[in-house]
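The values are calculated or read from the model by the stated rules, or taken from the named source; none is laboratory data. Just so it is clear, the structure is predicted and the values come from calculations on it, not from any experiment. In this analysis, Cβ positions are derived from the backbone assuming ideal geometry, glycine residues included, and neighbour counts consider all displayed protein chains. Accessible surface areas use protein heavy atoms only, side chains included; no ligands, DNA or RNA. Shrake-Rupley method; radii C 1.70, N 1.55, O 1.52, S 1.80 Å.
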Number of protein chains: 2
Amino acid sequence: MTKATAPPLGEFERIARFFAPLAGRGALNLTDDVALIDGPAGEQYALTTDTIIEGVDYFPDDPPFQVAQKLLRVNLSDIAAKGATPFGYLLTTALAKTQGDAWLEQFTQGLAADQKEFGVVLLGGDSSGTPGPATLTLALIGKVAKGRAVLRSTAQAGDQIYVSGTLGDSALGLAVRKGEIGAELSATERDYLVDRYRLPRPRAALGPRLAGIAHAMIDISDGLLSDLGHICAASRLHGVLHQPRLPLSPAARAAIAVNPRLNTAVTGGGDDYELLFTAPATAAEAIAQVSVAVGVPVTAIGVMEKGEGFALLDAAGHVVKVERKGYAHFS
Amino acid sequence: MTKATAPPLGEFERIARFFAPLAGRGALNLTDDVALIDGPAGEQYALTTDTIIEGVDYFPDDPPFQVAQKLLRVNLSDIAAKGATPFGYLLTTALAKTQGDAWLEQFTQGLAADQKEFGVVLLGGDSSGTPGPATLTLALIGKVAKGRAVLRSTAQAGDQIYVSGTLGDSALGLAVRKGEIGAELSATERDYLVDRYRLPRPRAALGPRLAGIAHAMIDISDGLLSDLGHICAASRLHGVLHQPRLPLSPAARAAIAVNPRLNTAVTGGGDDYELLFTAPATAAEAIAQVSVAVGVPVTAIGVMEKGEGFALLDAAGHVVKVERKGYAHFS
């Protein structure tokens, strides 16, 4: 029994200690983005679930249309990161009893828009009243050919490390939304960053195209270094990233030019919902073709080596000391 | 757009208006206990999800071991009601950041005990911190032979109506727990009722044995009449129940003897987690055998007829007027 005076364990320690012993076949030891269970002939289902909470993961006055999209998209990102294609979901809503129908109507309109965009349908769910903040949980199911899911644990030494899109926009957008930064940015730059915070762009077209090409993959939700750390730990390898190669949007570049300490948003801000993956050097051409085909930039940012943990190198090849602020879980 | 001054719609109206248009194949129009999707050869997966909230569905000082069991069992009951066999689940926990590890340890011990009892495993999940009450969501997956799931919509005129176990214990147990009733009961009777409130007994062995025998089935969570109403509406039939036949525990009988108004707990209290099903008169012998085999009493309480809605008849065959108190949704 834990002593009452001991501080609570962190999320990953709690999973390892209390939940991992409960995990069954298909749970991937609770150390990957999804669970995998047998589907119809030749297929597997990939299962994932995420919760977003009013006042924690979104602002109470965020448009309900976008809250719905965020809820669906954070889950779509997990499915994409395994190379799977989403098809249906269960939704549970715990809402204040006073929550009006207008909010719910706009929320479901957001779901409808994203169902069309991403090809998914509602399968079932549960509605509750809560005296607390709105708590929205979605369990998403995807399909992937048996054995083709791209796990965290299968990176190989010598693999290149790639990332889709740009890094840090969401964390910077949250800081703008809170009024912490942004005075030196243009209105267009501020709007761009806040929009990237409010509305994840899951790489749903890119992920499945990388099945059979990528060795290991994860979506960036905890932050670049933290999520690279998950691949390194699961694959028992060492990851090396080159800071100058990290892809930044013009708005992020402008914000960091004014305040270089905001670089922590790039390496650890989280909620990027980009795909971080490793692939052999021989796959470079195939990856470039996929990138063009789906219209999502992909950038090579480092390499996997024998060893453990990871390092971020500057232009001179020196290790960059990274502040922990912005990501709680760091190996 | 709903006018801001209009009262919010009820749960079922919200589902019909906002969520049903989002439902895809397998969702059974969101009017059954589960969704059904294709599984491995010859099988289907039945999917269900339920949320329980601290201070709403359980008391903050309820033993965490039993809270875990309740969360798992309310979902097990839905799977049993389709004649399916459960095998795995996703769990999302939103807990106060100050929630100690001791609580979580006992909670996961409760899960472990029920995993063993019911043959299910943890597949994955999500953990969040919340500033509100603990909000626990579980999505459970069961298996059933293709086409054998027992739906709400397939009752036939002339079917007998059956119910497992006893009715009203949970609602009476909640009233005892709140101190509203119980002074005239023995300590043993009070403990029995409170235990039935705290710890559902999903009919996980009975449900699958009724696949191929029962025409329609539901688990009683909203209350006997409300859930019979769901079968009647889905099957477009009229249900007739005979009040003197409704099975009561000795403790419930004692409570109602003192205060006959507590009969509403039997017909509408909810959270019974018994199975309510219809079957042809020719199945009586098979049902009796299954009841004995699994050790769960089953009682014939009425009949399905042509028409719509339902009626409760007293010993003289007169319609009993039922108070709506205790169940919000009543057809």
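So the values come out like this:
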read-out	value
Of all residues in region A:308-329 being modelled with pLDDT of 90 or more and of a type in the set (Gly, Ala, Ser), the one that is surrounded by the fewest Cβ atoms within 10 Å (Cβ to Cβ)	A:316
All positions within region B:113-127 that are more than 7 Å from chain A (Cβ to nearest Cβ), of a type in the set (Asp, Glu) and in contact (Cβ under 8 Å) with a residue 24 or more places away in the chain	B:114
Residue match in region B:240-254 (condition: under 29 Å from residue B:30 (Cβ atoms), touching a residue at least 12 places away in the same chain (Cβ under 8 Å) and in contact with a Ser or Thr (Cβ under 6 Å, 6 or more places away or on another chain))	no
Condition check for residue B:165: away from every other protein chain (no Cβ under 11 Å) and within 18 Å of residue A:35 (Cβ to Cβ)	no
Cross-chain or 6+ apart pairs with Cβ under 7 Å, region B:39-60 first and within 16 Å of residue B:96 (Cβ to Cβ) and more than 10 Å from every other protein chain (Cβ to nearest Cβ), then open to solvent by 30 Å² or more (accessible area, probe 1.4 Å) and not aliphatic (A, V, I, L, M)	B:60/B:54
Every residue from region B:24-55 that is in contact with a Pro (Cβ under 8 Å, 6 or more places away or on another chain) and either under 21 Å from residue B:90 (Cβ atoms) or of a type in the set (Asp, Glu) (or both)	B:38, B:39, B:40, B:53, B:54
Single condition residue B:32 does not satisfy, out of (1) facing another protein chain (nearest Cβ under 9 Å); (2) surrounded by fewer than 19 Cβ atoms within 10 Å (Cβ to Cβ); (3) in contact with a His (Cβ under 9 Å, 6 or more places away or on another chain)	(2)
Failed criterion for residue B:110 (all others in (1) within 10 Å of another protein chain (Cβ to nearest Cβ); (2) over 24 Å from residue B:214 (Cβ atoms); (3) open to solvent by less than 30 Å² (accessible area, probe 1.4 Å) hold)	(1)
Per-region count, region B:289-319, residues small (Gly, Ala, Ser), out of contact with any Gly (no Cβ under 8 Å at 6 or more places or on another chain) and under 19 Å from residue B:219 (Cα atoms)	3
Within region B:209-238, considering residues that are charged (D, E, K, R) and at pLDDT 95 or above, the one most open to solvent (accessible area, probe 1.4 Å)	B:236
Flag for residue A:48 being modelled with pLDDT under 95 and in contact with a Gly (Cβ under 9 Å, 6 or more places away or on another chain)	no
Search result, residues across region A:83-104 that are within 9 Å of chain B (Cβ to nearest Cβ), crowded, with 17+ Cβ neighbours inside 10 Å and more than 22 Å from residue B:53 (Cα to Cα)	A:87, A:88
Among (1) under 22 Å from the mean Cα position of the chain (by Cα); (2) open to solvent by 40 Å² or more (accessible area, probe 1.4 Å), the one test that residue B:168 misses	(2)
Test: residue B:229 is under 20 Å from the mean Cα position of the chain (by Cα) and assigned to a strand (DSSP E or B)	no
So residue B:64, is it surrounded by fewer than 23 Cβ atoms within 10 Å (Cβ to Cβ) and closer than 30 Å to residue B:178 by Cα	yes
Selected residue [of a type in the set (Ser, Thr, Tyr) and more than 30 Å from residue A:58 (Cα to Cα)] from B:85, B:130, B:108	B:85
Region B:15-29, residues that are among the small types (Gly, Ala, Ser) and at the interface with chain A (Cβ under 7 Å from one of its Cβ atoms)	B:23, B:24, B:26, B:27
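Rundown of residues vs (1) part of a loop (DSSP other than H, G, I, E, B); (2) open to solvent by 40 Å² or more (accessible area, probe 1.4 Å), yes/no style:
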residue	(1), (2)
A:151	yes, no
A:175	no, no
A:191	no, yes
A:194	no, no
A:202	yes, no
A:207	no, no
